[in-house]
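What follows is a single structure, written as structure tokens, with notes after it.
The values are calculated or read from the model by the stated rules, or taken from the named source; none is laboratory data. Nothing here was measured: the structure is a model prediction, and the numbers come from that model. A quick note on method: Cβ atoms are made from the backbone with ideal geometry, for glycine too, and the neighbour counts reach across all protein chains shown.
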Amino acid sequence: MGRKAVTPTRIRQLRDAQGWSAYELACKLNCTRSYIKSLEGGSLPITHRFAMRFVALERQTYAEAARHKQIKSLYPLPRELKILARPRRCRICREWFIFPHPQQRVCTDPQCCATARQLRAKRARRSRKVTQ
Ligand SMILES: [Zn+2]
């Protein structure tokens, strides 16, 4: 993988696999969010300098992921299984989950649920203020 050219798709894939926003990736690569977006959208060319930094980050990230991979399940698991849903991060605690509902973005931890409820209430209050 390291030898192949860095493409917009490859940048996007790393972000998707890690659940990073364009901003988060930009921070790791010491550039701006809009620069990442331009590279992904193909409106700017991927420079050699960027490609080198990107490959180094990618290598380090996948090496770490391979070391720490661990699955915790609420249910007994068969010896072999395929997971067809994409893992996502809880919006609050940032842990990884495969949620039972595709629209779910917060895990079932009581603390996360309470925080998500407070955020929703705050947003609702703010939008009510705007419309008045
Ligand atoms: Zn959570």
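Key figures
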read-out: Residue satisfying condition, being within 16 Å of the ligand (Cβ to nearest atom) and of a type in the set (S, T, N, Q), within set Gln103, Gln70; value: Gln103
read-out: Subset of segment 93-103 [farther than 15 Å from Gly19 by Cα and either assigned by TED's automatic domain parsing to the domain that holds Gly19 or touching a residue at least 12 places away in the same chain (Cβ under 8 Å) (or both)]; value: Pro102
read-out: For Ile83: the one exception among (1) free of Cβ contacts under 8 Å to residues at least 12 places away in the same chain; (2) loosely packed, with under 11 Cβ neighbours inside 10 Å; value: (1)
read-out: Some residue of segment 108-125 being part of a loop (DSSP other than H, G, I, E, B), surrounded by 11 or more Cβ atoms within 10 Å (Cβ to Cβ) and not assigned by TED's automatic domain parsing to the domain that holds Ala17; value: yes
read-out: Some residue of segment 77-92 being closer than 18 Å to Gln18 by Cα, more than 16 Å from the ligand (Cβ to nearest atom) and modelled with pLDDT of 95 or more; value: no
